[in-house]
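Each remark here refers to the structure printed beneath this line.
The values are calculated or read from the model by the stated rules, or taken from the named source; none is laboratory data. In this text, all values refer to a predicted model and were calculated from it rather than measured experimentally. A quick note on method: Cβ atoms are made from the backbone with ideal geometry, for glycine too, and the neighbour counts reach across all protein chains shown.
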Amino acid sequence: MSLTGAVPHAAAPSRIRVAPGGVVASAANPMPAAPPRLFKIQGITRDGKAFRPSDWAERLAGALSSFRPAVAGIGAHIGYSPYCVPRVVGGVKCVIVNEALRALEPMALDFVMNFARDNNLVTSEITPGDDLK
């Protein structure tokens with residue numbers, strides 16, 4: 001008994017669950033965050049034509065180069081953001097976009113995805129095991 005006469009109660013047991021992949025969920029964090037998705041924007045229109053100008057991927061990634069993690073390291077201002085990177089996949093110029101960009105600036109991700117939509121570019125979600133060579 002406490003000094004006030006109330007009977008102390010036992011702390012409620014915490015409910016902890018382990019999600020697939022070993023990510024822990026608890027009462028404070030009921031569902032673990034899903035890993036951010038990756039999107040591939042190809043330099044081909046839905047009509048099958050090559051998108052122009054030929055340096056579109058570098059220009060788009062360059063426009064988003066300032067959106068980067070806080071701990072980017074020495075010289076990080078010189079390169080592309082890790083969230084929006086130009087690549088050549090299967091001989092086609094592409095931009096790989098990480099959904100984590102939304103956490104830094106929601107309008108930045110919207111800008112990239114709207115660019116792809118407005119220019120009728122082929123866009124797909126990258127799934128684990130996709131070949132990006």
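Things to note:
- Residues that are over 23 Å from the mean Cα position of the chain (by Cα) and touching a residue at least 12 places away in the same chain (Cβ under 8 Å) were ranked within the stretch 46-61; the one that is surrounded by the most Cβ atoms within 10 Å (Cβ to Cβ) is F51.
- Of the candidates G43, G79, G90, the single residue that is at pLDDT 95 or above and of a type outside the set (S, T, N, Q) is G43.
- A search for C-beta distances below 6 Å between a residue of the stretch 114-131 that is of a type in the set (G, A, S) and any residue that is assigned to a strand (DSSP E or B), counting only pairs 6+ apart in sequence or on different chains, returns A116/I41; A116/T123; S124/K40.
- Count of residues meeting criterion [buried (at least 17 other Cβ atoms within 10 Å of the Cβ) and either modelled with pLDDT under 95 or assigned to a helix (DSSP H, G or I) (or both)] in the stretch 116-125: 1
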